[in-house]
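Every number in this text was worked out from the coordinates using simple rules, so none of it is lab data. Since the structure is predicted, the reported quantities are computational estimates derived from the model, not experimental observations. With ideal geometry, Cβ positions are generated from the backbone for all residues, glycine too; neighbour counts draw on all protein chains shown.
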Amino acid sequence: MIKNYLIDMDGVLVTGKTLIPGAELFIERMLAAGTKFLILTNNPLYTQRDLEHRLNSIGLKVPAESIFTSAMATARFLQNQNPNGTAYVIGESGLTQAMHEVGYVMTDSHPDYVVLGEVNNYNFEMIAKAVRLINDGAMFIATNPDSTGPTEAGIVPATGALAALIEKATNRAPFFVGKPNPLMMRSAMRYLGVHSENTIMVGDRMDTDIVAGVMSGLDTILVLSGVSRREDVKRFPYRPTQILNSVAEIEITTE
């Protein structure tokens, strides 16, 4: 049976600005075979075109339409829940563009939602405004639960850390859309037009990628090129379908 692929990015295809060996050949094999695939990332900072450029610049030739972010999943979730609503958005272009594309209006005047994504810079007034709006009745949504993220300079606070600050001040927990929420996986499959029975999740983390795949009814491949090690697997009550050293070992089915 021909398989479709949902593929995590960091630790699976790239490490920072470095390609994982064999990643470019894996993408080339899928493109040559006409395999349907999406590169998934919990990082909501960048647009599809931004990420296409960043990946192309290090030798990974991926079309923009084959990239799916937690910002895109969040925007689609909100459009499904409350079409053409309003939101106070804390985030960069990846999130604001996704919100505009589904018809949302961004405002700080009685919004339906406060939507939080990762930011490069934020200030006290921005956070205070989010707290006031949530206390006044706005629903609290966050793109992803990651508390930290990697940069060239090292680890930095990410969406989950900022969400914790707002949650503490409001006593209102956000609804996280990104992995490991299976909503992210199902949104990606709808975007790609595929079914769980024919789709494989490829990731490097047991606690986000693999569990999200398992909860979504997908076959899963754990690659050992990122966070999780082979010996870590036994600590979890679920198992990946396969464990491989890297994506270079994945065989693409063409018939």
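Indicate, rounded to the nearest 5 percent, the antiparallel portion of the DSSP beta bridges found entirely in segment 29-173.
Antiparallel bridges make up about 25 percent of those DSSP assigns within segment 29-173.
For M206, neighbours were defined as the other residues whose beta-carbon sits under 14 Å from its Cβ, and their charges (Lys and Arg +1, Asp and Glu -1) total +1. Pairwise Cα separations in segment 123-255 fall into 10 Å bins from 0 onward with the following percentages, short to long: 11, 31, 31, 18, 7, 1. Let me check I've understood the local charge: for F77, count other residues with C-beta under 12 angstrom from its C-beta, Lys and Arg +1, Asp and Glu -1. What total comes out? Summing Lys/Arg as +1 and Asp/Glu as -1 gives +3. Counting only Cβ charges, +1 for Lys and Arg and -1 for Asp and Glu, the dipole size of segment 93-139 around its Cα centre is about 80 debye. Among L95, L25, L162, the largest mean-square fluctuation in a Gaussian network model of the chain (Cα springs under 10 Å) belongs to L25.
At a 10 angstrom cut-off on C-beta neighbours, averaged per residue, how do the peptides 244-251, 45-52, 135-142 rank from highest to lowest?
With the highest mean Cβ count within 10 Å placed first, the list reads 45-52, 135-142, 244-251.
Placing +1 on the Cβ of every Lys and Arg and -1 on the Cβ of every Asp and Glu, with no other charges, gives the chain a dipole of roughly 360 debye about its Cα centre. Taking a straight line from the alpha carbon of K234, these aspartates and glutamates sit under 14 Å away, with near neighbours fewer than eight places off in the same chain left out: D207. Taking amide H as placed 1.01 Å from N in the peptide plane, G178 has its amide H under 5 Å from the amide H of N144, each at least 5 places away in sequence or on another chain.
Only lysines eight or more places from K3 in sequence, or on another chain, were considered; those with a Cα closer than 20 Å are K36.
For segment 83-154 versus segment 179-205, the inter-centroid distance based on Cα atoms is 24 Å. Taking amide hydrogens as placed 1.01 Å from N in the peptide plane, the amide H of F140 sits under 5 Å from those of V114, F175, each at least 5 positions away in sequence or on another chain. Among the GluC sites (Glu not before Pro) in segment 149-200, those located in a DSSP loop and surrounded by at most 16 other Cβ atoms within 10 Å of their own Cβ are E152. Can you tell me the orientation of helix 159-170 relative to the chain, as the angle in degrees between its alpha-carbon axis and the longest Cα principal axis, to the nearest 10? It is inclined by approximately 30 degrees.
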